[in-house]
Amino acid sequence: MSLLTFDSVSYKYAGSNTPEVLQNVNISFEKGVFYSIIGPSGSGKTTALSLAGGLDIPTGGVVRFEGRDIREIGYTEYRRRHVALVFQSYNLIPYLNAEENVCLSMEIGGTYPHERKERARQLLASVGLNEADIHRPVPRLSGGQQQRVAVARALAGDAPVILADEPTGNLDSESATEIVAMLRSLAHEAGRCVVVVSHSAEVAKASDVVLRFHHHTLEPLERKAPGRGNGPAGGEAP
Ligand code: ADP
Ligand code: MG
């Protein structure tokens with residue numbers, strides 16, 4: 001069974017005279033696969049991600065997690081347990097340090113207090129932050145470091161679905177490459193379902209499946225090379 005499914009999903013912003021942003025989108029997302037979503041500005045990428053993340057309610061159709069309508073699971077429960085979000089603007093809490101930011105999302109997720117600090121340190125070390133960085137207020141970290149904290153925070157809750165909106169948009173190319181490698185290994189090594197909205201050709205190139213907006217719907221782009229299948233083991237770079 002697919003992890004996350006869009007079942008004839010449509011979306012129209014309330015009060016707007018414009019046509020639906022999404023029309024009848026049918027798409028499935030699997031565990032262990034790194035997806036990128038591409039399309040021109042205004043095509044609906046952020047809207048699609050908001051629907052996948054349970055931040056918005058479709059005006060038509062159903063978003064399912066493990067086959068269940070997320071409305072049935074409950075939006076709060078879904079966001080708390082099943083999805084994690086990484087934004088272009090990091091969305092960290094500025095008066096807390098890196099460790100505290102990561103711990104905070106574990107409190108929301110329900111980890112025991114004594115385990116939180118240790119786990120936050122492990123996660124921050126795993127995304128390449130050293131001991132001094134971990135205790136620095138986040139505005140004093142570089143953009144690349146802040147985005148690593150955001151990735152560590154997304155991992156803190158063990159959510160099987162990781163959604164990222166332009167996560168490399170504010171980063172220099174070296175940091176961007178590292179964040180993309182991290183997201184990729186989350187899919188391939190940690191078995192998460194990773195969906196990244198991006199303008200970046202590098203992100204699309206690193207992903208297993210490229211989904212493109214076309215006439216208000218999402219469709220898979222032709223595979224770039226044979227053998228890079230839409231499966232858990234697919235997409236290993238040489
Ligand atoms: P993208 O992320 O691909 O740039 P968005 O999903 O943000 O696109 O937006 C898709 C379309 O929906 C655009 O035409 C945008 O103007 C419109 N839109 C986005 N947010 C709102 C809103 N809050 N109210 C009305 N229209 C919106
Ligand atoms: Mg957007």
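Search the stretch 48-65 for residues being among the β-branched types (Val, Ile, Thr) and under 19 Å from residue 193 (Cβ atoms), and hand back the single one that is surrounded by the fewest Cβ atoms within 10 Å (Cβ to Cβ). Filtering the stretch 48-65 for residues that are among the β-branched types (Val, Ile, Thr) and under 19 Å from residue 193 (Cβ atoms), the one surrounded by the fewest Cβ atoms within 10 Å (Cβ to Cβ) comes out as 62.
Restricting 126, 105 to those that are under 23 Å from residue 196 (Cβ atoms), surrounded by fewer than 20 Cβ atoms within 10 Å (Cβ to Cβ) and not aliphatic (A, V, I, L, M) reduces the list to 126.
Within the stretch 61-91, the set of residues being within 18 Å of residue 153 (Cα to Cα) and assigned to a strand (DSSP E or B) comprises 83, 84, 85, 86, 87.
Given the criteria in contact with a Pro (Cβ under 8 Å, 6 or more places away or on another chain), surrounded by 19 or more Cβ atoms within 10 Å (Cβ to Cβ), under 20 Å from residue 81 (Cα atoms) and in contact (Cβ under 8 Å) with a residue 40 or more places away in the chain, does residue 159 qualify? Please lay out each step first, then the result.
Values: in contact with a Pro (Cβ under 8 Å, 6 or more places away or on another chain): no; surrounded by 19 or more Cβ atoms within 10 Å (Cβ to Cβ): yes; under 20 Å from residue 81 (Cα atoms): yes; in contact (Cβ under 8 Å) with a residue 40 or more places away in the chain: yes.
So residue 159 does not fit the description; no.
Counting residues in the stretch 43-64 that are within 17 Å of residue 200 (Cβ to Cβ), more than 16 Å from the chain's Cα centre (by Cα), at pLDDT below 95 and within 16 Å of ligand 1 (Cβ to nearest atom) gives one or more.
Only one residue in 183, 124, 155 is part of a helix (DSSP H, G or I) and at pLDDT below 90, so which one is that?
Working: 183 fails: at pLDDT below 90; 124 fails: at pLDDT below 90.
Sole residue among the options that is part of a helix (DSSP H, G or I) and at pLDDT below 90: 155.
For the stretch 1-34, a residue qualifies if it is surrounded by 23 or more Cβ atoms within 10 Å (Cβ to Cβ) and under 22 Å from residue 180 (Cβ atoms), and the qualifying residues are 4, 33, 34.
The values are calculated or read from the model by the stated rules, or taken from the named source; none is laboratory data. Worth saying up front: this structure is predicted, and the values here are computed from it rather than measured. When we count neighbours, we look across all protein chains shown, and the Cβ atoms used for this are built from the backbone with ideal geometry, even at glycine.
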